[in-house]
Each structure stands twice: as structure tokens, then as C-alpha cells.
Amino acid sequence: MSGDIEDKPQPLIEHLMELRTRLMWSIGAFFAAFIVCFIFAKHLFNALVFPYKWAVQWAHLDVSKAQLIYTAPQEFFFTQVKVAMFGGLVIAFPIIAAQIYKFVAPGLYKNERSAFLPFLIASPILFLMGAALVYFFFTPMVMWFFLTMQQAPGEGDVAISLLPKVSEYLSLIMTLVFSFGLVFQLPVITTLLARVGLLTSDWLREKRKFAIVLAFVVAAVLTPPDPMSQIGLALPTIILYEIAIYAARLVERQRARDAATEAEGSQDVAKTDNV
């Protein structure tokens, strides 16, 4: 298979120069995206507030009175910086991933490159699916849960209202997006491990009960300390684990078909030589 590899022996300095070039492209793409996102940071933050507004509507409250606050002079500025960094990373990710692939691809065999490329495409798609689940369903549900804990003034009761800080709201939604985005990578990771023979579908099925417990433990660590967030992350994780088992089984079937085809080809060559 050595003939299928396109990489040529290079001294360490050339590899370092290649790495520097890829890093410069990645950092440049991120910096350019960061500048653009910082210019529109307020608009991006307003877009991130939509789930909170939906939660207010679900709680049958007046949307016009929904507000976020900041309690330090510099808080909203640094919140905009975080929004710009978050948006810049999302926008620049395709370029960063392409630079990583270009750096690694010359050292891979052709069949390895063809196997790796679909996962490079599937990974951001799955991440966006997890982010969309957070944005359109999970964050409004969590915020609705917190809004229902408000208390109206009455006899012996004081008014207790939810006034989220801009920095804490952004941290919440970013934590949820990254948590769900990483969890949605589970089928990609397990399929890659199955392709190299480190995992099997039978082993994954045997460890299912441990995976369920681990899903709740990871959800407790990654999400805010409330049962809604933890259950909301644990359940998709379990579903994705089942998808990962099915994906590993497909990989094993494909490997078995390839082995059978190769064996048939070897037999045909042997018969031809005998003739």
C-alpha cells in the first residue's frame, strides 16, 4: 500500500513550516470572522435571546417586559467579545477543518482519505443539529422552567422575578450548545473507532447499561445544575448511543463484504495461475 501514499519524506523543518502555514490560515480565518461578528455582536446577541422570548411566551407572560441586565460597566462589552469569538469560531470552522485535513491528508493512504472525508463533513452537520436542538427547543424549555419559579406579590409573599444577566445567559446557551454539539459527535467517534477495529457493535451492546449511567453523569457535569437540563442532555445521548451501535454494525457488515470480495478475487487469481 506504500505506493498509494502521496506524501514524500520531508525533514522536520518542512513539516513545521507546513504546520505554520496551516495555523496562519486558521488563525487568519478566525480573526477575520471575529472582526465581522464583533461588528454585529449586538444583533447576534439579540438573535440568541429569541429562545428566552419564546420561553416568556410559553409562560404566558408579557414579552415586552422580558429583559436582561448587566451589573458591571464592562460586562456587556465582554459579553459581546464572547459572542464574537463564538460566532467567529463557528464561521471559521470549515476553513480550520480544511486546513487540518490538508495537513494530515498527504500522510494518509488513498482509502484512508476517502474514509476520513465523509466524517469530516458529517461532524459539523451533527454539531449544527445539536446546536439547533438547543436553540429551538431545549433553551426555551429550560428558561420556561426557570420562569415558572417566579413569585407574584401577595399576602405575605414578596415579588420574585427572573432578571437574567447578559453574561450568565450567554454562558448558559454556549454551554448547552457545546455540550449538545459534542454529544452529537458520538456516532462519528464510535464509527471511526469501529473502522480501525477498536470497537465492535457487540461490545457497545454489552456496555449499554454503563453507557446510560455515564450519560447521566456527563449530563450532570456539562449542564446547569437542574434536572431539566440533565435529562434533556442524557436522553439524546442514549439515543445517539443506539445510533452508534447501528453505525458500528454497518461498518462491520461492510468490512465483511470487502473481505469476501477480496477472498473471491484471490481465488480467481489462483485459478487463473493454475490454468
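The values are calculated or read from the model by the stated rules, or taken from the named source; none is laboratory data. Quantities reported herein were computed from a predicted structural model and do not represent experimental measurements. Glycine also receives a Cβ, built like all others from the backbone with ideal geometry; neighbour counts cover every protein chain displayed.
Some observations on this one:
- Members of the range 254-275 found to be at pLDDT 60 or above and either aliphatic (A, V, I, L, M) or touching an Asp or Glu at 6+ places or on another chain (Cβ under 9 Å) (or both), listed by number: ALA256, ALA259, ALA260, ALA263
- Cross-chain or 6+ apart pairs with Cβ under 8 Å, the range 56-78 first and in a loop (DSSP other than H, G, I, E, B), then β-branched (Val, Ile, Thr): ALA59/THR148; ASP62/VAL56; ALA66/VAL56; LEU68/VAL49; LEU68/VAL166; TYR70/THR79; TYR70/VAL166
- Filtered by the rule that a residue be among the polar types (S, T, N, Q) and either closer than 30 Å to PHE138 by Cα or touching a His at 6+ places or on another chain (Cβ under 6 Å) (or both), the range 172-200 gives THR175, SER179, GLN185, THR190, THR191.
- Among residues of the range 130-157 that are small (Gly, Ala, Ser) and at pLDDT 85 or above, those with a Cβ under 7 angstrom from a residue that is surrounded by 12 or more Cβ atoms within 10 Å (Cβ to Cβ) and not in a strand (DSSP E or B), sequence gap 6+ or separate chain, pair up as GLY130/PHE180; GLY130/GLY181; GLY130/VAL183; GLY130/PHE184; ALA131/VAL177; ALA131/PHE180; ALA131/GLY181.
- Number of positions in the range 229-267 that are of a type in the set (D, E, K, R) and within 13 Å of ILE212 (Cβ to Cβ): 1
- Pairs, first within 19 Å of ILE173 (Cβ to Cβ) in the range 225-241, second among the polar types (S, T, N, Q) and modelled with pLDDT of 75 or more, C-beta under 7 Å, six or more apart: LEU233/SER179
- Here the range 193-210 is the region considered, the condition is being under 22 Å from the mean Cα position of the chain (by Cα) and buried (at least 18 other Cβ atoms within 10 Å of the Cβ), and the residue that is farthest from LEU120 (Cα to Cα) is LEU204.
- The range 41-55 residues that are over 13 Å from SER167 (Cα atoms), paired with ones that are part of a helix (DSSP H, G or I) and of a type in the set (Gly, Ala, Ser) (beta carbon under 7 Å, 6 or more apart): ALA41/ALA84; LEU44/GLY87
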